[in-house]
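Below is one structure, written out as structure tokens; the observations come after it.
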Amino acid sequence: MNDKIEQFKKACGNSTDLVIRRMKVASKEVCILFSEVLVSSEIVNDFILKRLAVMTEDTRDLFEKIRETLPSSNIQKTMEFSDTIQKLYDGFAILFTEEEGYLTIEAKLSLDRGVESVENEVAILGPKDSFTENLNKNLGLMRKRIRTSNLVIQSMSIGEESHTKIAICYMKDICKEELVEEILQKLQEISIDIIMDATYLKERMSEKDSLFPTIHTTERPDMASFALLEGKVVLVIDNSPYVLIIPTFFTDLFHTPDDYYQKNINTTFTRLLRLFAFFLSIFLPAYYISITTHNHNAISLDILINLIVQRQNVPFPAFFEAILMILAFEILRESDIRIPSKTGTSVSILGGLILGDAAVSAGIISPMMILVIAISAISSFVFTSTTMINAIRYYRFFILFLATFFGLYGLFIGFVFLILRLARLNSFGFFYLSPVAPIITPEIKDSFVRLSKGKKQLRNPLLAEKKMERGKSS
Amino acid sequence: MKRKLFFLILILMLFTGCDTYKDLDKIGLVSLLQIDKKENDYLLSFDIITPTKEDEQKRERLQITCSNLDTCRDTLYLESNHRIYLEHLELLVLTNRITKEDLPYLINFFLEQKNSRTSFPVIMQKELLKEGSTTDEILRFIEVNQEEMGILSIVSFDDIIQTYLQKDPIYLPYLAFSEKEKALGMMGMLDENDLLNKEESILYNFFLNQTKTVSFFQEDTQFSIIDSSVDTKVSEKEITITINSSIQILSCEENKIKLKRIYEEYLQEKLKSLLDNHLSSYFDHLWKRHQPFSKERKEISFQFHTNIEKIQKEAFLCKIK
């Protein structure tokens with residue numbers, strides 16, 4: 001017995017959270033061992049120790065007797081010591097005697113928060129619940145929406161040290177098998193110590209040379225369920241309130257949860273607005289620099305005179321002024337994220353209004369430049385994906401740089417480069433720009449616009465080969 | 001390889017891109033350019049826009065005398081400390097002398113400018129405009145005149161280039177300023193320094209579709225053209241000028257056919273006179289372009305499609321008769 005205890009202590013590096021309790025059960029000496037930070041002491045006291053204490057009758061197979069007695073759904077007997085160590089850190093209590101073998105009893109302490117409302121992907125209409133850090137809860141939130149045996153959940157664990165559970169979810173009657181296989185293969189190839197969040201996997205599974213997200217993350221169970229019914233695969237990662245949707249197309253980034261809860265015309269309008277905001281966000285500062293430094297002939301004389309007046313006494317060249325403003329905005333944004341919400345508002349007012357006004361009064365920045373950068377920055381926030389916002393930021397810099405050197409020619413070169421990059425990308429073998437390039441009917445009707453698909457509601461043929469028609473097949 | 005490519009792009013950017021880079025406060029936007037020639041020297045007058053917060057329309061006039069236009073531009077750069085931009089040139093004023101002697105040189109000069117358009121309007125003057133006359137006023141005067149009376153019409157530098165290349169006679173709006181600087185409009189003939197009279201100017205603009213509303217009296221009858229289009233076609237046999245017009249008539253006469261005949265005969269006679277006296281070379285070139293192997297230009301024939309919209313009988317006009 002002592003040898004076994006020593007073996008556990010050694011394996012756990014004499015961790016102080018390890019609780020060892022010796023007691024007599026049916027005249028036999030048993031030892032119960034668990035991690036006090038992962039195991040609920042109430043469960044151990046009320047449902048294990050109390051029940052064991054009243055067991056007095058001798059028995060030949062003590063483990064079997066305990067299994068019959070304890071009211072736990074997850075009690076397993078194992079012979080391997082390494083398995084028990086894993087179970088120990090999964091929140092199990094380990095029971096053993098001098099005899100061979102171990103009994104693992106689930107007694108997990110609930111370390112999760114409850115299902116809360118959505119924080120980032122806010123929608124006016126539709127459900128408000130969001131994923132939590134608990135894998136099972138997250139799976140339940142999806143199962144609750146898709147009550148069919150066609151929703152398959154496969155599990156595996158990744159992380160040499162964390163052994164993080166990952167659930168691969170897909171609709172077996174819709175999703176392509178090759179896609180699932182490719183995802184499984186990629187997951188198996190991942191070598192990592194710990195998976196802290198879904199973004200760890202996203203980083204490792206995305207296209208390496210892409211700034212734009214080729215895997216979408218969502219905190220909304222309804223969006224994940226939508227994706228499953230499209231024929232996509234959803235990865236749910238333990239300890240992460242976000243799930244990954246694979247594959248992701250460029251047009252998906254222009255879709256919001258609200259889109260499917262309102263009329264098509266409203267959705268089309270807002271999607272086109274987002275597309276306009278995307279280009280505005282990337283190209284507006286570059287266009288402003290082009291027309292004020294190279295292509296003065298691209299605007300009318302009245303506007304040009306207005307701009308000249310505004311730039312009077314500004315000591316910096318327009319490019320430097322733009323960079324200064326963009327950096328100031330990025331700093332403001334970063335500080336706004338980090339600052340506690342109670343003081344955040346006052347900092348925003350101080351940074352946004354007072355500093356901006358002071359900069360103009362001091363003659364450091366022209367009012368038009370503040371307007372241009374503000375419009376550009378605000379336009380990028382119509383997207384919920386942080387990766388997308390970051391991609392827009394880098395392309396804004398890149399095209400601004402080109403416009404500084406080459407004016408509108410540079411801007412056009414940047415535009416062509418951006419389109420070529422997007423056209424070259426793929427997400428798990430699917431063209432990133434589809435269904436626009438190549439044009440995929442009927443999916444084009446639900447891309448940058450949302451049009452009525454008619455009586456037959458068809459899925460994206462790229463993803464859903466097996467069951468193209470939505471609803472009851474005719 | 002990637003590093004080499006990066007440095008190559010960087011060098012290309014640094015050595016090529018900045019060539020046209022100029023901040024707004026470093027450029028001199030020219031709104032009015034006047035060119036004159038005295039003996040062998042050019043006299044250039046630039047109205048440079050120098051806006052301030054208090055006065056956005058502020059202009060500064062600089063005059064330069066030099067041996068050629070390029071030197072003038074460079075001298076102005078040194079004197080004004082601004083790079084001269086002709087992209088937003090609102091008006092070019094040429095004197096009779098320079099148009100007579102240096103039109104090809106002028107065309108070349110503007111076509112060679114990197115930062116110049118050629119769509120700006122051009123007017124002709126005897127002398128350079130005095131300070132105080134603004135481009136806005138001049139252009140508005142011509143536009144209103146073109147719309148209401150048809151004596152003047154806007155002619156752009158592009159029109160001049162096109163007309164020059166076709167070797168046609170060039171006409172420019174000629175404004176004669178009275179002593180009180182009040183503008184009076186007339187069309188001036190550029191080549192021979194010959195001015196068209198008022199009636200000819202109207203007919204010239206009418207012929208070129210520059211004005212669509214013209215009024216005139218004939219045999220105590222007022223004809224008002226409210227809409228018109230003139231089309232010229234060249235065939236092997238003849239040159240046909242087709243005139244489509246809608247007219248309103250004030251007359252004591254009510255016979256529609258008679259009135260129509262009077263109108264068409266009068267218009268034909270006047271147009272013929274204009275074409276013979278001033279636009280003969282225009283039709284010679286037109287004929288040569290379309291019929292290069294034909295030696296003699298054929299006669300010009302007129303076709304009228306006249307729509308009388310309204311005849312109003314005026315007793316007052318009958319009394320005159």
Task: Lone unmet requirement of (1) touching a helix residue (DSSP H, G or I) at 6+ places or on another chain (Cβ under 7 Å); (2) within 27 Å of A:L400 (Cβ to Cβ) for A:D238 - done: (2)
Task: Subset of the stretch A:334-365 that is surrounded by fewer than 17 Cβ atoms within 10 Å (Cβ to Cβ) and touching a residue at least 12 places away in the same chain (Cβ under 8 Å) - its residue that is nearest to the other protein chains (Cβ to nearest Cβ) - done: A:G363
- [ ] Considering every residue within the stretch A:59-81, establish whether at least one is of a type in the set (S, T, Y) and either modelled with pLDDT of 85 or more or outside any loop (DSSP other than H, G, I, E, B) (or both).
- [x] yes
Open item on the list: Based on this model, can you work out whether B:K256 counts as surrounded by 15 or more Cβ atoms within 10 Å (Cβ to Cβ), of a type in the set (D, E, K, R), over 16 Å from B:F217 (Cα atoms) and touching a residue at least 12 places away in the same chain (Cβ under 8 Å)?
Closed with: no
TODO: Just name the residue that is nearest to the other protein chains (Cβ to nearest Cβ) out of those in the stretch B:71-116 that are assigned to a strand (DSSP E or B) and hydroxyl-bearing (S, T, Y).
DONE: B:Y85
TODO: Name the single residue, out of those in the stretch A:31-46 being part of a helix (DSSP H, G or I) and of a type in the set (D, E, K, R), that is nearest to A:V19 (Cα to Cα).
DONE: A:E42
Task: Total residues in the stretch A:393-409, condition in a helix (DSSP H, G or I), within 14 Å of chain B (Cβ to nearest Cβ) and not hydrophobic (A, V, I, L, M, F, W, C) - done: 2
TODO: Mind listing just one residue for me: the one in the stretch A:410-462 that is in a helix (DSSP H, G or I) and of a type in the set (K, R) and, of those, farthest from the chain's Cα centre (by Cα)?
DONE: A:K445
Open item on the list: I need a count of the residues in the stretch B:223-273 that are of a type in the set (S, T, Y) and part of a helix (DSSP H, G or I).
Closed with: 3
Open item on the list: Looking at A:F8 and the list (1) assigned to a strand (DSSP E or B); (2) over 13 Å from A:L103 (Cβ atoms); (3) touching a Leu at 6+ places or on another chain (Cβ under 7 Å), which single condition is not satisfied?
Closed with: (1)
- [ ] Could you tell me which numbered condition B:F120 fails, if it satisfies all but one of (1) among the hydrophobic types (A, V, I, L, M, F, W, C); (2) surrounded by 18 or more Cβ atoms within 10 Å (Cβ to Cβ); (3) out of contact with any helix residue (DSSP H, G or I) (no Cβ under 6 Å at 6 or more places or on another chain)?
- [x] (3)
TODO: Determine if the stretch A:373-392 includes at least one residue that is within 24 Å of B:K26 (Cβ to Cβ), more than 14 Å from every other protein chain (Cβ to nearest Cβ) and either assigned to a helix (DSSP H, G or I) or modelled with pLDDT of 90 or more (or both).
DONE: yes
Task: In the stretch A:262-314, residue nearest to the other protein chains (Cβ to nearest Cβ) [restricted to those that are closer than 19 Å to A:S376 by Cβ and charged (D, E, K, R)] - done: A:R311
- [ ] May I ask you to say which residue of B:I9, B:I48 is crowded, with 18+ Cβ neighbours inside 10 Å and either within 11 Å of chain A (Cβ to nearest Cβ) or under 28 Å from B:L139 (Cβ atoms) (or both)?
- [x] B:I48
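The values are calculated or read from the model by the stated rules, or taken from the named source; none is laboratory data. Note that the structure is a prediction, hence the values are computed from the model and not measured. Methodologically, a virtual Cβ is constructed for each residue, glycine included, from the backbone with ideal geometry; neighbour enumeration extends over all protein chains shown.
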